[in-house]
Every structure is written in structure tokens, then in C-alpha cells.
Amino acid sequence: MKGNKLYWKISATLLSLLVVLGVMYVMLSTYVAKAYFEEVNQRLNGNIAAMMSHEVQPLINGEVDTLAIKKIISSMMTVNPSVEVYVLDTEGEIVTYVAPYKRVKLTSVDLAPVKSFILAEKKPFIKGDDPRHPGEYKVFSAAPIMADDALQGYLYIILASEEQTAVSATLLGSYFLKLGVNTFLLTLIGALAIGLLAIWFLTKNLRTILFTVKRFKEGDYKARVADNEKGDLIELADTFNEMADTIVSNIDQLKSVENLRRELIANVSHDLRTPVSIIQGYVETLLMKKDSLSVDKQADYLKIVLDSTEKLSLQITQLFEYSKLEAKQIEPQKEAFFLSELVQDTYQKYDILATDKEIKMTINLPKKSQLVFADVQLVERVLQNLMDNAIKYTPKGGKINVSIKNTKKGVQVKVKDNGPGIPKQEQSYIFERYRKAKATRSKVNSTGLGLAIVKKILELHNVTIQVQSKVNEGTAFVFQLPVYT
Ligand code: ADP
């Protein structure tokens, strides 16, 4: 019922509008019919006064001729018993009159309409004073009364007498009562039925939208107005849908920030505890046994503290990176660039590190450089992590090869080493965070986050990474980015 309030309001407005229109129509018709009736009356009977003044002479030297008046009465009664006859002097004063019931209240009549009526060639539609009802105007016939070419006064005949007005009013009333009222009522019912039906259909979409909004309000965040339910309210429905999308994405964003916060707290307490307690332990020992420790021992301890701070710093960086990726806080800023150039740049930096570790690093480049569409910084991070791992896990004297190949699917990057390799059963989970292969678990600077970051970044680019590895033979990581067209 509450939802249909609008429907009832519009319906009530329609009903009131129809009633007002109906009443106005009836009033207008009555007025027009009355005016029409009066005009016809004046046009038909307008020359009565002229005819009469030809026949009789009601005024002789300003005096009333009783005989002439009697003649007027008898001829009037035969022609039209409903008219009222007034004899006016030249100033418009009523000298005498012939009217039933003798309720004449005016003593004079305004001569202006009388004169314009007389002067008009074709009988016009003019109303003059009604001597019985001061302030009311009626159609009349008028003619000058002449004697020896001198104006004696005027014969002023009210055509729509009181009786006639009364009769025509009843006639009009009964006519409208029978025909008008019936027709009007029928039209009103018809229009109302069509109107209500139309409003029902017009507000149907509005009700559907309202229903969807309610569903959304009650927690159904998937509620959207379907295309076929939008009707004429496309803009409203689209606005709601967009608003709902924004709200949902805002909620998601808030959730992801909350996840990031939780994730960070959990990871920080898990990962950072070890290096921090190592640093704490060695620094305490150094402080306590400062004098009893040899210089070499002190240097060893300080080296351990330094390694731990490095590890701590690496872990903090990777933790932030991974947590942000996990909470979907990183939006890749994609652009077109030559992948082989980026690989070469990264290679050059790691080649120095490899040489330091007496590892031979080589690169194979394709003949033609191809453009890819991706986030340069993120892809660089992938390359860094893969090359970093290769150097980290390949023993002294080992070999690392980085190759870029143009394939049908895109530009392929492969980072291959001849290190310890990863057993088949462990290959499936090394991309999960904190998961490490058993054989290399105790390696320094191992956080267990490098490959998890690689996987997340490539996922943002809809790309997967493969590992090809055999124990004691080596490991290769392969991925390819689609060519930018
Ligand atoms: P970590 O910081 O431990 O290197 P990663 O996520 O980068 O973390 O790697 C996960 C695990 O995968 C490593 O701990 C290691 O056991 C294994 N791994 C990664 N790269 C290589 C590689 N090139 N050779 C052998 N093992 C590797």
C-alpha cells in the first residue's frame, strides 16, 4: 500500500482534473448556449421595435398616447407575450412601459447601446439595461419614435423577458441534465478507467525499480534493475544501477583495505619476529661480553646482525608488496613497451651479482623486438624475483640463461639455471606464500614470498607462469606476455 501511494496520488489528481474539466465544460456550454440563444433572439426579433413604431405613435409631443399603447399591448401579446415594452423619452427616461407584474426598478435606460443598435445597419448583438434588474443586461430591440421629423423618444423592447429567461433556463437545465450529465458521466468513467489503467502501467516500472532498491537496501548487493524492467525510466534505473555498482565497489575497497591491514598485522608478527630476536640476541651478547669477546668474534656477530637487518628490510618490502597485491590495492598501469629491452636491462644488473658469485649468466635475444602491453614496473619486479632466485639457489660455478623468444602466443621469457632443481611434488606449491622447497629451506634471504609476488603480478596481467625443473639438473621459469597490436 505504501509503495502504491504515488499511484493513488496520481489517480486522485487525474480524477480532480477530470471533475474540474467537466464542471468547466458544463459551465462554458451553458454560457455559450445562453449567449447563442440571446443572439438568435435578437437577430430574429431585432426589428420588432421598428415595425411597431411605424404602426403606432406612442408619444405625441412628449405625452403618452394611451390608445397607441393599448394597440402596442395587443399586438405584442399576439406576436410575443414574453417581451417587455418600454417607451423612453429622448433622454432615456422611462415614460411608460408594458410589462407583466410591473416590477420595474429603473427610471431611465442607458441610451448608448440603444443608439448604436438603431444606427447599426445589420442588426447587431448588443445588450442593454434591464429596467427590472438594475446591473443586468438583456438583448433588446429599439427604434426611434418620430413625429413631424422630430425625435420624440424611443421604443425599447426587452426581448428575453424574465419569463422567457426562466423557461430557457429550465430547458437548458433539463437538456444538460438528460444529455449532458449522462454523456459527461459516461465520458468521465471512461476517461477515468483509461487514465487509471495508464497510470498503473506507467508506474509499473517505478514499482519494479522501488522493489529493486528495497532489495539492495536490505543487503542484496547484487540487486540491479534489468534492461527489460527499465521502461521509460531508463535514466533513473541506470543511475540506480551505477550508484549500486559504486557502493559495492566502495564496500569491496573498504573490505580489501581491512584485509590488507589484517594481513599485514598477521604477517608482521609471523615473519619479522625471527630476525628481530636474532638482532636483539646478538646485540645483547655484544653489549654484555664486549670485553671478553675477540675482535673476530665481535665482527662475526656484527655480520650476523647486519644480515638480519638486511633480511628484515627485504621482508618488510616484500610483505608490503605481497599484502598490497593480495588486497587488490595495486592497479596495473599498462603501457606498450619492448619486453626484450626490459629483460636486457634487468639482466645487466643481475649479471654483476652473478659474476660476484662466480656464476655464468647468458642471454638470448630474438631478432625482432616485439611490443607488449603491461605494467613495466610490475613486470620488472617479476624478472628481478626470478633472476634473484636463480642466483640465490644456483651454486658457485653454475650457469644461468635468460632467453626471450617470439612465439605464436606472444613474447616468451625463460629464466633457466642448472641449480639444485625442485622435486615434482614440491613444484605445485612453491608459488604459495611462505612455501619453500625442503632442500633449500635454510637459505639466507629466503622469505617464501618472491614467487607468490610473481604469480600475483602475472595474474593481474591474465598470464600464468610455468616451472620446469628436475632435481640436480636445474630449474626454469617460463611466462609469456601477449604482443601489443
Ligand atoms: P624465497 O624467498 O624462499 O626464494 P620464493 O617464493 O621466491 O621464496 O621461492 C619459493 C621456493 O621455491 C624457494 O624457497 C625455493 O625452495 C624454491 N625455488 C625458487 N626458485 C628456485 C630456483 N631457481 N631453484 C631452486 N629452487 C627454487
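Beta carbons within 10 angstrom, averaged per residue: use that to sort the peptides 231-243, 454-466, 409-421, highest first.
Working: 231-243: 14.8, 454-466: 16.8, 409-421: 20.7.
Sorting 231-243, 454-466, 409-421 by mean packing, highest first, produces 409-421, 454-466, 231-243.
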Provide, in order from the shortest bin, the percent of all Cα-Cα pairs of the chain in each 10 Å bin, continuing until the bin that contains the maximum pair distance. 3, 12, 13, 10, 7, 6, 6, 5, 5, 5, 6, 7, 7, 5, 2, 0, 0
Label point 7 Å beyond Cα of residue 283 along Cβ direction - residues of the range 315-358 with amide nitrogen under 18 Å: 315-316
Can you give the Rg to Rh ratio for the range 335-482, taking only C-alpha atoms and Rh from Kirkwood? 0.94
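When averaged across all projection directions, what area in nm² does the alpha-carbon convex hull of the range 421-485 cover? If you can, show how the numbers build up before the last one.
Working: hull surface 20.0 nm².
Orientation-averaged projected area of the Cα hull: 5.0 nm².
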Could you put 426, 310 in order, starting from the residue whose Cβ has the fewest other Cβ atoms within 10 Å? 310, 426
Taking other Cβ within 10 Å of each residue's Cβ, how do 434, 7 sort, fewest first? 434, 7
Compare the peptides 10-21, 107-118, 280-291 by average per-residue count of other Cβ atoms within 10 angstrom and give them in order, highest first. 107-118, 10-21, 280-291
How large is the Kirkwood hydrodynamic radius of the range 47-158, in angstrom, based on all distinct alpha carbon pairs? 13.8 Å
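Calculate for the chain the 222 nm mean residue ellipticity that helices alone would give, adding -39,500 (n - 2.57) per DSSP H run of length 4 or more and normalising by residue count, nearest 500 deg cm²/dmol. Present the calculation step by step, with values, prior to reporting the outcome.
Values: 13 runs with 260 residues, N = 485.
Rounded to the nearest 500, it is -18500 deg cm²/dmol.
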Would you kindly state how much longer the chain becomes between residue 39 and residue 252 on full extension, computed as 0.36 nm times their sequence separation minus their alpha carbon distance, in nm to one decimal? 68.7 nm
Could you check the simple spin-label distance between residue 12 and residue 51, using points 7 Å along Cα→Cβ, in nm with one decimal? 6.0 nm
For residue 187, project a label point 7 Å along Cα to C-beta. Then give me every residue of the range 19-52 with its amide nitrogen under 20 Å of that point. 19-37
Using a simple spin-label model with points 7 Å from Cα along the Cα→Cβ vector, what separation in nm is obtained for residue 460 and residue 274? 2.7 nm
Just to verify a number: FRET efficiency for residue 371 and residue 229, C-beta to C-beta distance, R0 = 45 Å, to 0.05? 0.50
When 38, 218, 258, 84 are ordered from fewest to most other Cβ atoms inside 10 Å of their Cβ, what list results? 218, 258, 38, 84
Hull-based mean projected area of the range 254-394, where the convex hull spans the alpha carbons, in square nanometres: 11.7 nm²
Nearest-0.05 FRET efficiency for residue 149 and residue 91, computed from C-beta distance (R0 22 Å): 0.70
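Which of the residue pairs 311/360; 334/392; 311/456; 357/456; 357/416 have a Cα-Cα distance greater than 20 Å in the structure shown? It would help to have the intermediate numbers written out before the result.
Numbers: 311/360 25 Å; 334/392 30 Å; 311/456 22 Å; 357/456 29 Å; 357/416 16 Å.
Pairs exceeding 20 Å: 311/360; 334/392; 311/456; 357/456.
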Given that compact globular proteins tend to follow 2.2 N^0.38 Å, what is the ratio of the alpha-carbon Rg of the range 276-326 to that value? 1.50
Apply 1/(1 + (r/R0)^6) to the Cβ-Cβ distance of residue 19 and residue 259, taking R0 = 56 Å, and write down the FRET efficiency to the nearest 0.05. 0.35
By a straight-distance test (C-alpha under 20 Å), which aspartates and glutamates pair with residue 408 as possible cross-link partners, with residues fewer than eight away in the same chain excluded? 341
The chain, relative contact order in percent, only Cα pairs under 8 angstrom and at least six apart counted: 10 percent
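Given the pairs 324/414; 328/455; 349/424, which are separated by over 24 angstrom at their Cα positions?
On the way: 324/414 26 Å; 328/455 13 Å; 349/424 31 Å.
Violating the 24 Å limit, Cα to Cα: 324/414; 349/424.
All of the numbers you see were taken from the coordinates with simple rules; none came from a lab. Computed from a predicted model, the values in this text were never measured in an experiment. A quick note on method: Cβ atoms are made from the backbone with ideal geometry, for glycine too, and the neighbour counts reach across all protein chains shown.
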